[in-house]
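The values are calculated or read from the model by the stated rules, or taken from the named source; none is laboratory data. All figures in this text were calculated on a predicted structure; none of them were measured in a lab. Every residue, glycine among them, receives a Cβ derived from its backbone with ideal geometry; neighbour counts consider all protein chains shown.
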Amino acid sequence: MTLFEKIIAREIPAKIAHEDDRCIAIHDIQPQAPVHVLVIPKKPLPRVGEATADDEALLGHLLLTAVSLAKQLNLTAGYRIVINHGPHGGESVPHLHVHLLGGRQLTWPPG
């Protein structure tokens with residue numbers, strides 16, 4: 001069971017920003033920006049590269065949830081949405097999640 005599955009099951013506490021029947025959004029415990037929220041599907045999906053056509057609606061829901069959270073968190077000057085894939089992509093938990101980052105000027109290129 002992944003860290004995120006344990007959070008979804010309430011075995012590990014987290015600061016929840018949003019929850020619905022398809023996902024949970026939590027504040028990252030090691031934020032990389034003043035606002036750093038993770039939008040996590042409740043369906044255990046290891047990474048975006050393993051999604052199938054059956055996951056299309058879920059992937060859209062994750063992105064739209066991140067956009068809604070950005071509005072709720074007043075990220076009016078801008079924000080970044082990131083999905084890591086694999087070790088070289090910065091993936092640290094093998095459970096798909098969307099990073100919502102904002103609250104400061106973000107630089108490019110990242111990392």
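Collect the residues in segment 1-20 that are crowded, with 18+ Cβ neighbours inside 10 Å and part of a strand (DSSP E or B), keeping them in residue-number order. Spell out how you get there, then give the answer.
Taking segment 1-20 first, the residues crowded, with 18+ Cβ neighbours inside 10 Å are 4, 7-8, 14, 17.
Of everything in segment 1-20, just one residue is crowded, with 18+ Cβ neighbours inside 10 Å and part of a strand (DSSP E or B), namely Ala17.
Among the candidates Val93, Val39, which residue alone is touching a helix residue (DSSP H, G or I) at 6+ places or on another chain (Cβ under 7 Å) and at pLDDT below 95? Before you say what the answer is, go through the steps one by one.
On the way: Val39 fails: at pLDDT below 95.
Result of the check over Val93, Val39: Val93.
List the residue pairs whose Cβ atoms are under 9 Å apart, where the first residue sits in segment 92-111 and is within 17 Å of Thr65 (Cα to Cα), the second is in a strand (DSSP E or B) and of a type in the set (Ser, Thr, Tyr), and the two are 6 or more positions apart or on different chains.
That search, which allows pairs on different chains as well, returns Leu100/Tyr79; Leu101/Tyr79; Gly102/Tyr79.
Considering each of Pro109, Pro94 in turn, give the residue that is under 16 Å from Ile40 (Cβ atoms), of a type outside the set (A, V, I, L, M) and part of a loop (DSSP other than H, G, I, E, B).
Values: Pro109 fails: under 16 Å from Ile40 (Cβ atoms).
One residue alone meets the criteria, Pro94.
Could we say that Leu38 is of a type outside the set (S, T, N, Q), surrounded by 15 or more Cβ atoms within 10 Å (Cβ to Cβ) and assigned to a loop (DSSP other than H, G, I, E, B) here?
Working: of a type outside the set (S, T, N, Q): yes; surrounded by 15 or more Cβ atoms within 10 Å (Cβ to Cβ): yes; assigned to a loop (DSSP other than H, G, I, E, B): no.
Criteria not met by Leu38.
Could you please find all residues in segment 46-72 being closer than 13 Å to Ile83 by Cα and of a type in the set (A, V, I, L, M, F, W, C)?
Val48, Ala51, Leu59, Leu62, Leu63, Ala66
Restricted to segment 57-78, and to residues that are within 13 Å of the chain's Cα centre (by Cα) and not aliphatic (A, V, I, L, M), which residue is surrounded by the most Cβ atoms within 10 Å (Cβ to Cβ)? Write out each step before concluding.
Keep residues of segment 57-78 that are within 13 Å of the chain's Cα centre (by Cα), which gives 58-70.
Among the residues that remain, those that are also not aliphatic (A, V, I, L, M) are: 60-61, 65, 68.
Working: Gly60: 10, His61: 17, Thr65: 24, Ser68: 14.
Once the filter is applied, the top-ranked residue is Thr65.
Filter segment 63-77 for residues that are closer than 13 Å to Ala25 by Cα and in a loop (DSSP other than H, G, I, E, B) and give the result.
Taking segment 63-77 and keeping what is closer than 13 Å to Ala25 by Cα, we get 63-70, 72-73.
Across segment 63-77, the qualifying residue is only Leu73.
Does segment 21-30 include one or more residues that are in a loop (DSSP other than H, G, I, E, B), more than 21 Å from Gly102 (Cβ to Cβ) and at pLDDT 95 or above? Walk me through it before giving the result.
Narrowing segment 21-30 to residues in a loop (DSSP other than H, G, I, E, B): 21-22, 28-30.
From the residues that got through so far, the ones that are more than 21 Å from Gly102 (Cβ to Cβ) too are 21-22.
Then keep just the ones that are at pLDDT 95 or above; that gives 21-22.
Yes, there is a match, as at least one residue in segment 21-30 is in a loop (DSSP other than H, G, I, E, B), more than 21 Å from Gly102 (Cβ to Cβ) and at pLDDT 95 or above.
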